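Read through the structure below, which is laid out as C-alpha cells, and then see the notes.
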Amino acid sequence: MSPVLAGVLQLTALVAALALAYRPLGDHMAAVYNSPRHLRVEKVIYRCIGADADAEMRWPAYLRGVLAFSAAGVLFLYLLQRVQGGLPLSLGFASISPDQAFNTAASFVANTNWQSYSGEQAMGHVVQTAGLAVQNFVSAATGMAVAIALVRGFARSRTGYLGNFWADLVRGTVRVLVPIAVIGAVVLVACGAVQNFSGIHEVGQFMGGHQQTNGGAVASQEVIKELGTNGGGYFNANSAHPFENPDAFTNLFEIFLILVIPFALTRTFGKLVGNVRQGYAVLATMGVIWLGFTALMMWSEFAHGGPALQAAGAAMEGKETRFGVGSSAIFSVATTLTSTGAVDSFHSSFTAFGGGIQLLGMMLGEIAPGGVGSGLYGMLVMAIIAVFIAGLMVGRTPEYLGKKIGTREIKLAACYILITPTLVLGFSAASMVLPDALGSMLNTKALGAGAHGFSEVLYAFTSGANNNGSAFAGLNANTPWYNTTIGLAMLLGRFLPMVFVLALAGSLAEQKPIPETAGTLRTEKPLFAGLLVGTILIITGLTYFPALALGPLAEGLS
C-alpha cells in the first residue's frame, strides 16, 4: 500500500469515527448543561467549595467565577512546582525556578500546555498528576462553560442570566470529561501506554550504552491532554514517545480524542438554541476548513521535492516511522487547528509550506474545530462578524439567531478578534530586536536568523497567545524573557477574549428575539457557511500575511 493511500484511508476512518460520535455526544452535552438536577458527587463538590449551584449569574458574576477559579489554579500550580524538591515521589528532581514555574502554571491553567522543560527530567509524579493533569480537566471544563454561557446568551430572552459557572464547570468535568477519559485511558493502556508510579531506571540502548528513563501515570494524562485539547506531554518527545503513543492505532485514536468534543459541541449548540440546522452550518464551516488544511498539509509533505526526500517517501525528517507522513500530517493539522499543542512529530522539521500551514491554522484563532469550548465561542464570534458584513452589503440591520447585532455587540466582537494578533505581533517584534531573545535561536547565529529563525519566534508567540502550546524545536524558550513574555501571552490570550465573550453573551441575553422576516439572512444555509469561511480567511490573511511573508513563505520560496 502506498503511503498516500494509507494516509487517505486513515483520514477516511477518522471522519467516519467522528461522524458516529457526533450526535450522541452532542446530545449528551446538551442534556448535561440543561439538566435541572445535580448528581450526589456534584453536591459534595459544591459544599466543599461553598458554591450555590442553583443561583443564576449575570455576565460580570460569571466572569468573576472564571477569573477567580483560574487565578487560584495558577497560584496553586506555581506553589506546587516551587516546593517539588520536598514532595514525595519527586524522583529526586529539584524545585522549579520562579520564571519557569510561572510559565508552566500560566500555561496549564490557560489550556495551553506550552512546555519550556523536558517532562521526564523536571517534573515528579505529584506535580504531574495532582497539578498538571488536574488542570488538564478543569481548564478544558472552563472553556466549555464559557462556550455554553455564550450559547445561552443567544437562547435566552430579556433575562441577562447566563447560568451558573460553578455548576457548568463541575458538570463538564464530572459528566463529560471524566467518563470519556476513563474509557480512553483503558484503551491506551491496553495498547501499550504506560500507567504506573515507577522511579528512574537505567536501560540499555540498541546501539550500545545506557540511558535513564522513568514511568508515570502516562495513559491517564495522555487521554485528557488530547480530549481536553491541552497538549502537554509527560515526556519531552510528547506524543512521539512510545510510552505515550505506542503505535499507529493509538495515534489515530488520539487524533479522534482531540477533535471529538469540539466538533460535537456544534450539535450541542444547535440543540440549545432550538435549531440543529444552525449547528450543522457551524459544523460545515469547521469541517471545510479542517479538511482543506489537512489536504494541503498532506500534499505539502508528500510532494516536497529533492532526491533524498523522494527516496525516503516524502519529508520524513522529524517524523516517526511507525506513524509515517500521512498520519503525522493529520495529527499536525488537528493540533494546530485546535488549542491542543500535542505533537507526534517535530513541527520545525516539516517543509517550509507545511510549517506555514501550521502557523496559519493557529492564526485563524483555532476555530476549525478549535479548542474544547474556545473553538465554538470563537466561531460564533466570527459568525457575528460575518453577519455584520452581510448586513453592510445589503443595507440591513444584522441579526443572528434572532438577536440584533448592534453597536455594542460588534465592538465586543471586534475587540475579541484584535487581542490575539496584538499579542502575537507585538511580542514577536520585540523579540526580533533584543539580542538576548535572538540568541535563543539554537540553529542559527543570533544576528543572522533568517526566515526560519523568525518563523520560530513567530510560532512561539502564535502558539502561546492562541493557547496552543506546540513549538518549533529550534528555539530555546527556557529563558527569563521567553518564560515571562510567553506566560503573559498565554494568560492574556486566554482570559481577555473570555471577558468580551461573556460581555457579548450578557448583552445578547438581555435582548428580546426579533421575528424572522423575508429579509432575514438564513444563517443555516450553505451560502452563509461559505460567507463565514471567507470571512475567517480574509480577516486572518489581512492580519498576518506580512508576518507569514517574512517567515515560512520567504523560506519556502527561497
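The values are calculated or read from the model by the stated rules, or taken from the named source; none is laboratory data. In this text, all values refer to a predicted model and were calculated from it rather than measured experimentally. Every residue, glycine as well, gets a Cβ built from its backbone with ideal geometry; the counts of neighbours run over all protein chains shown. Just so you know, the surface numbers come from the protein's heavy atoms only, side chains and all, with ligands and any DNA or RNA stripped out. Shrake-Rupley method; radii C 1.70, N 1.55, O 1.52, S 1.80 Å.
Among the trypsin sites (Lys or Arg not before Pro) in the stretch 114-195, which ones are in a DSSP loop with at most 11 other Cβ atoms within 10 Å of the Cβ? Mind listing them? Working shown, then result.
Details: sites: R152, R156, R158, R171, R175; in loops: R156, R158.
The qualifying sites are R158.
Using a simple charge model, +1 on the beta-carbon of Lys and Arg, -1 on the beta-carbon of Asp and Glu, nothing else, what dipole does the stretch 393-533 show about its Cα centre, in debye to the nearest 20? Show your work: numbers first, answer last.
Working: 10 positive and 7 negative charges, 77 e Å.
Taking the Cα centre of the stretch 393-533 as origin, the dipole is about 360 debye.
Could you please put L89, L475 in sequence from largest to smallest accessible area, using a 1.4 Å probe? Show your work: numbers first, answer last.
On the way: L89 90, L475 20 Å².
Greatest to least solvent exposure: L89, L475.
Taking 0.36 nm per residue of separation and subtracting the Cα-Cα distance, what length does fully extending D54 through R40 add?
Working: separation 14, 0.36 × 14 = 5.04 nm, distance 1.45 nm.
So the chain would gain 3.6 nm between D54 and R40.
Per residue of the chain, what 222 nm ellipticity follows from adding -39500 (n - 2.57) for every DSSP H run with n ≥ 4, rounded to the nearest 500? Write down the numbers at each step before the final one.
Values: 21 runs with 343 residues, N = 558.
Counting only the DSSP helices, I get -20500 deg cm²/dmol.
Once neighbouring chains are kept in place and the probe is 1.4 Å, which whole percent of the accessible area of the chain is contributed by carbon and sulfur? Spell out each step's value before the answer.
Numbers: 13940 of 20940 Å².
Here it works out to 67 percent.
Report the charge-dipole magnitude of the stretch 312-448 in Debye, nearest 20, computed about the Cα centre from +1 at each Lys and Arg Cβ and -1 at each Asp and Glu Cβ. Intermediate values should be presented prior to the final figure.
Values: 8 positive and 7 negative charges, 90 e Å.
In total the dipole reaches around 440 debye.
Could you put L227, L423 in order of accessible surface area, largest first, with the 1.4 Å probe and the full protein assembly present?
Details: L227 0, L423 20 Å².
Result of the area sort, largest leading: L423, L227.
List the residues of the stretch 378-420 whose backbone N lies under 19 Å from a point placed 7 Å from the Cα of V288 along the Cα-to-Cβ direction.
Counting backbone N atoms under 19 Å from the label point, the list is 378-394, 400-401.
Using a 1.4 Å probe, how large is the accessible area of Y46, given in Å² and rounded to the nearest 10?
10
If you plug each phi of the stretch 452-459 into the Karplus form 6.51 cos²θ - 1.76 cosθ + 1.60 with θ = phi - 60°, what whole-Hz ³J(HN,Hα) values come out, in order, with x for Gly and Pro?
5, x, 5, 4, 4, 5, 4, 5
Which residues does a label at T159 reach in the stretch 55-77, if reach means a backbone N under 16 Å from a point 7 Å past the Cα toward the Cβ?
The answer is 55-62, whose backbone nitrogens lie closer than 16 Å to the label point.
Place the peptides 488-501, 539-552 in order of packing, highest mean first, counting for every residue the other Cβ atoms within 10 Å and averaging per peptide.
So the peptides 488-501, 539-552, ranked by packing, come out 488-501, 539-552.
For the chain, what does the accessible surface come to per residue with a 1.4 Å probe? Please give it in Å². Could you put the intermediate results ahead of the total?
Numbers: 20940 Å² over 558 residues.
Per-residue accessible area for the chain comes out at 38 Å².
Restricting to lysines 8 or more places apart or on different chains, can you count the pairs in the chain with Cα atoms under 28 Å from each other?
Within the chain, the lysine pair count is 18.
How large is the charge dipole for the chain, taken about the Cα centre, if only the Cβ atoms of Lys, Arg (+1) and Asp, Glu (-1) carry charge, to the nearest 20 debye?
Details: 29 positive and 27 negative charges, 398 e Å.
Taking the Cα centre of the chain as origin, the dipole is about 1920 debye.
Quick query: amide H of Y400 versus all other amide H atoms, modeled in the peptide plane; which residues come in under 5 Å with a sequence gap of 5 or more or a different chain?
I405
Ranking request for peptides 335-343, 97-105: highest mean number of other beta-carbon atoms within 10 Å first, then the rest in descending order. If you can, show how the numbers build up before the last one.
Details: 335-343: 31.3, 97-105: 22.0.
Top to bottom by mean Cβ count within 10 Å: 335-343, 97-105.
State the answer as a single residue: which of A145, N230, A181 lies farthest towards the positive end of the charge dipole of the stretch 130-243, with beta carbon charges of +1 for Lys and Arg and -1 for Asp and Glu, about the Cα centre.
Most positive-ward Cα: A145.
Fully extended, how many nm does the chain gain between V178 and L67 (0.36 nm per residue separation, minus their Cα-Cα distance)? Before the final figure, lay out the partial values.
Working: separation 111, 0.36 × 111 = 39.96 nm, distance 2.28 nm.
In short, 37.7 nm is gained.
Work from the charge dipole of the chain (Cβ charges, +1 for Lys and Arg, -1 for Asp and Glu, about the Cα centre) and give the residue of A133, I289, V218 farthest towards its positive end.
Highest projection toward the positive end goes to I289.
Over 27 Å apart: what share of the alpha carbon pairs of the stretch 156-295 falls there, rounded to a whole percent? If you can, show how the numbers build up before the last one.
Details: 3804 of 9730 pairs.
Counting pairs separated by more than 27 Å, the tail of P(r) holds 39 percent.
Rounded, prolate or oblate: which fits the stretch 427-558, taking a ≥ b ≥ c as square roots of the Cα gyration tensor eigenvalues, rounded meaning a/c under 1.5, else prolate when a/b beats b/c?
Since a/c reaches 1.5 but b/c is at least a/b, the shape of the stretch 427-558 is classed as oblate.
Can you figure out the FRET efficiency of A473 with T517, using R₀ = 41 Å and their beta-carbon distance, to the nearest 0.05?
Values: r = 55 Å, r/R0 = 1.35.
E between A473 and T517, to the nearest 0.05, is 0.15.
So what J values fall out for the stretch 239-251 if you push phi through Karplus, 6.51 cos²θ - 1.76 cosθ + 1.60 with θ = phi - 60°, rounded to Hz, Gly and Pro as x?
Listing the rounded values in order: 6, 7, 6, x, 5, 8, 9, x, 8, 5, 5, 5, 4 Hz.
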